[in-house]
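Each value in this text was obtained by applying a stated rule to the coordinates, not by laboratory testing. What you see is a predicted model, and the numbers here were worked out from it, not measured in a lab. Here Cβ is always computed from backbone atoms with ideal geometry, including for glycine, and neighbour counts include all displayed protein chains.
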Amino acid sequence: MGGKGSFDRFKQLDFMKMDRRTFLRAVGALGTSLFLQNYRSDIVKALEFAETRIVWVHGGECTGCSESLLNGGEPDLLQALERLNLRLAYHEVLLGQQGIYVDGKLANTSELNSELLFEEVIEEKGYILVAEGAIANGPAGTGKYIMLGGKTYKDIFRRAAENSALIVAVGQCATNGGVNSADSEIKDLMDFRGVAFTMEDGEKGILRELGVEKPVININGCPPHPDWMLLTLAAVVLGKIKVPDDLPAVLDEWLRPKVFFPPDHVIHDNCPRRGSYDKGEFDTVVSGEKCLWKLGCKAPYTHADCATRRWNGYHSFCPQSGSPCISCVSPGFPDSSRPFFQEIEDVGIAGTNIDTVAKVAIGASLLAVGAHAIRRTVVKEGPEEKEQEEGPEEEKQEEAPGKKAGKDEGGDQ
Ligand code: FSX
């Protein structure tokens, strides 16, 4: 994915005649840079008369999703907005006009300036609402745990959602509550919600609480890859994914685009440390060069294209750089991944208590690969351990997780 071979396969295609399936394969195979470079003139033609407004709102979060987008490299955010003819009408972190003036109008505080602009922008309906961060519903349904300019974020979000044509929730906080909804003594009091889900619970999304019905696309990840955000917006804006008609075909049960979160493909399939896994060679401290399974790596259960797309300018991703995957794209993250840095079986998540919060994120995949197989794999540390792990080669091959997973990352699109 993102390589020269993939690029060659797609560069001869006529963008205007490209159907949805081919378009999705192209965005899946190419990074944002290659995709936009290849189809730039066609895109400009397609968008000649269109200008899609984006309203980007922020709730409970670390702003890492916006940071990730800004770190997107080539094209950078500004280039991408220009090429896609997108108008970032409102984004609190990136607003050019803060201070006491908005479009020449005097106002009293920076909060009020943002409010004025917000009111003006949402008046005209039909924009794409990008939601970053969880929405506080607490205490007691008031939403007062997040106040902006004297208003609750819950109410700001509701108003922005009501006038939107589509909501794209970015990051784990907005899609599933993320760290805000993790188990804690004050979790119930704060009652943070994702847009359509809270952790794995679709009944508890803030939209249902508000009684607002809008199509939703979830871009999971803590934070998400810049390509996942930009290319999703591109697909919608260019009409390659029709909203809402095409959404059931292109999204998974968690409303994530299957092209980036393939149901039949896990990160482990393409991990550069996969050879160590197959040989039973494991690191027991971070920053080594072997498989990170014993350090709690969740790549065998995590559906995302990180290993092929790679991060930081397509150079690397967590396990490649020596840190185990913590499955930050899974709907139950972070609770379904905790405790971090401990082998899953050691902490009793797998096999013994499959009806826990880990069920969705880990359970199904784990059952598929066979938990017993992993238990029998031994760390190679010394002659004693080496002796224990010696066994029929065929048996080890059978037991390797991910073997059964398909390589067709496009899924059913
Ligand atoms: Fe959440 Fe975004 Fe995690 Fe941060 O702002 S997805 S805390 S890395 O990045 O909302």
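Tabulated values for the structure
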quantity	calculated
Likely footprinting exposure, Trp311, Trp228, fewest C-beta neighbours within 10 Å first	Trp311, Trp228
The range 280-343 versus the range 162-235: alpha-carbon centroid distance in Å	23 Å
Contour minus Cα-Cα distance for Phe340 and Lys242 (0.36 nm per residue)	31.4 nm
Volume in Å³ per residue [convex hull over Cα atoms, computed for the range 209-329]	120 Å³
GluC sites (Glu not before Pro) lying in DSSP loop within the range 178-227, provided at most 15 other Cβ fall within 10 Å	Glu185, Glu213
For the range 48-250, share of DSSP beta bridges that run antiparallel, in % to the nearest 5	30 percent
Computed magnitude of the charge dipole of the range 48-250 (debye, nearest 20; Cβ of K, R +1, Cβ of D, E -1)	260 debye
Distance violations [Cα-Cα > 24 Å] among Lys214/Lys240; Lys125/Lys151; Lys144/Lys298; Lys154/Lys258; Lys204/Lys240	Lys144/Lys298; Lys154/Lys258; Lys204/Lys240
Whole-angstrom Cα spans of the range 149-211 along principal axes, big to small	35, 27, 20
Rg/Rg_ref, the range 48-250, where Rg_ref = 2.2 N^0.38 Å and atoms are Cα	0.99
